[in-house]
1. Name the single residue that is surrounded by the most Cβ atoms within 10 Å (Cβ to Cβ) among those in the stretch 370-385 being of a type outside the set (Gly, Ala, Ser) and closer than 16 Å to Val254 by Cβ.
2. If Thr143 passes every condition in (1) at pLDDT below 95; (2) of a type outside the set (A, V, I, L, M, F, W, C); (3) surrounded by 15 or more Cβ atoms within 10 Å (Cβ to Cβ) but one, which one does it miss?
3. Going through Thr146, Thr88, Thr176 one at a time, which residue ends up being under 24 Å from Leu230 (Cα atoms) and free of Cβ contacts under 8 Å to residues at least 12 places away in the same chain?
4. Out of the stretch 47-78, which residues are surrounded by fewer than 21 Cβ atoms within 10 Å (Cβ to Cβ) and among the charged types (D, E, K, R)?
5. Kindly indicate whether any position in the stretch 31-46 is surrounded by 23 or more Cβ atoms within 10 Å (Cβ to Cβ), more than 29 Å from Asp126 (Cβ to Cβ) and either of a type in the set (Asp, Glu) or within 16 Å of the ligand (Cβ to nearest atom) (or both).
6. Considering only the stretch 5-30, how many residues are surrounded by 21 or more Cβ atoms within 10 Å (Cβ to Cβ) and under 20 Å from Asp74 (Cα atoms)?
7. Looking at the stretch 104-129 only, could you name the residues that are modelled with pLDDT of 95 or more, surrounded by fewer than 17 Cβ atoms within 10 Å (Cβ to Cβ) and among the hydrophobic types (A, V, I, L, M, F, W, C)?
8. Would a scan of the stretch 188-204 turn up a residue that is of a type in the set (Phe, Trp, Tyr), crowded, with 18+ Cβ neighbours inside 10 Å and either touching a strand residue (DSSP E or B) at 6+ places or on another chain (Cβ under 7 Å) or farther than 22 Å from Gly15 by Cα (or both)?
Amino acid sequence: MTTIVPVNAYLRYIGVNDREKPLFEHQWPLPYGMSYNSYLLLDEKTALLDCVDANQSDVFAGKLREALEGRDLDYLIIHHVEPDHSATIPLIRALYPEVTLVGNQKTFEFLDQFYQMDPGKRLVVDEGDSLSLGAHSLRFYKTAMTHWPESMVSYLAEDKILFSQDIFGGFGALDTGIFDDQVADTRLLADESCRYYTNVVAKYSAMALRALKKLDGLEIQTILPVHGPLWRSHPDQILKLYRNLSKQEQRKGVLVAFGSMYGNTEHMAEELTLYLKEAGIQDVKLLDVTKTHPSTVTAEAWKYRGLILGAPTYNHALFQPMKTVVDILTENKMKDKILGLFGNYTWSGGALKALKAWGESQPYTLLEPSVEARSSAKAEDLKKLQALAQAMAQALAAFPDQADPFSLDF
Ligand code: FEO
């Protein structure tokens, strides 16, 4: 989508879609692309709110020039310096040399680390400062670690608009329109928002929650993030989703994630899912970590109260695809899981031992029994898997039934 879209009488959407990059931050798959949102505010003064990544610089500069309708650019508001939003700042500075860059102290510290450009005009803002643009003004709020230490948001009180930078963003290009009420597949949007949060922001959930509490004090009618749709009709829904993600709310169900080399550990996983169902657990999901990207396994693990991991032994140690998953879960500080484990080995163990050591180091409740098969599951192993399923059902029984915390209901 390359058109300039009016958000209201004085605001233009001039963001871009990126369908070239296969990976965000060169590590997270982008099967549906990515949007980098940017906004132009036209008042007595003109202000550009956030830029885009470098690979879309020509499209972006063209849209900005057209949206300005012959006017000069007075301000560039920099809410966040990660290069998916800052890589085109040097270009904008070169095209509009009189522009004043607006950021906090850390914004400029990071900007100077990334880009060797002459400083130009700069305005340093701090918590609660306002910038008047004529009939409208922006008030700045620091939201450190959502996503970086310099991250901040701004609030346009006249129309209750929040420019939220990475907060409330998600993976995915804007396909059927730029607004939330134009999204064709809300389930996909919810899933890709969760995958973005749980891989990019999750580690800083405590800070995200603090930022959300700060925003609680604002009356918000429209949320304009730098990724994903513009929330003009259902801002309550993305607020709810982000709040639930950052509070680590959970579904009353179980994710079984397994890796398997020759199908024997897979067999254990499949039997286990049947036993979980027989034990009365309705919501059971099975994922193969060798075929599902770790970012998706991470997102799904984040959502479920129950987590059962199973893997074979490889070179006396944990099968690498599973090791990658548990490393990400550790890094992201996932908590409050009911954890079950199973493993497999032929001549020397290692997988279950490693999973147990990991589970004991995490803030989880570790279920008994764990199950370890030799090469293939025998009757006694299947019995133990059944006991593990029953232990999971018993542990989950105390967890309240509730609506899905991770859906977008519109
Ligand atoms: Fe979209 Fe943290 O950058």
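1. By that ranking, first place goes to Leu385.
2. With respect to (1) at pLDDT below 95; (2) of a type outside the set (A, V, I, L, M, F, W, C); (3) surrounded by 15 or more Cβ atoms within 10 Å (Cβ to Cβ), Thr143 is out only on (1).
3. Answer to the selection: Thr176.
4. Asp58, Arg65, Glu66, Glu69, Arg71, Asp72, Asp74
5. The answer is yes; a qualifying residue exists.
6. Total satisfying the criteria: 5.
7. Of everything in the stretch 104-129, those that are modelled with pLDDT of 95 or more, surrounded by fewer than 17 Cβ atoms within 10 Å (Cβ to Cβ) and among the hydrophobic types (A, V, I, L, M, F, W, C) turn out to be Phe114, Leu123, Val124.
8. Yes: one or more hits.
The values are calculated or read from the model by the stated rules, or taken from the named source; none is laboratory data. Because the structure is predicted, anything quoted here is derived from the model rather than measured. Here the Cβ is made from the backbone with ideal geometry for all residues, glycine too, and neighbour counts use every protein chain on show.
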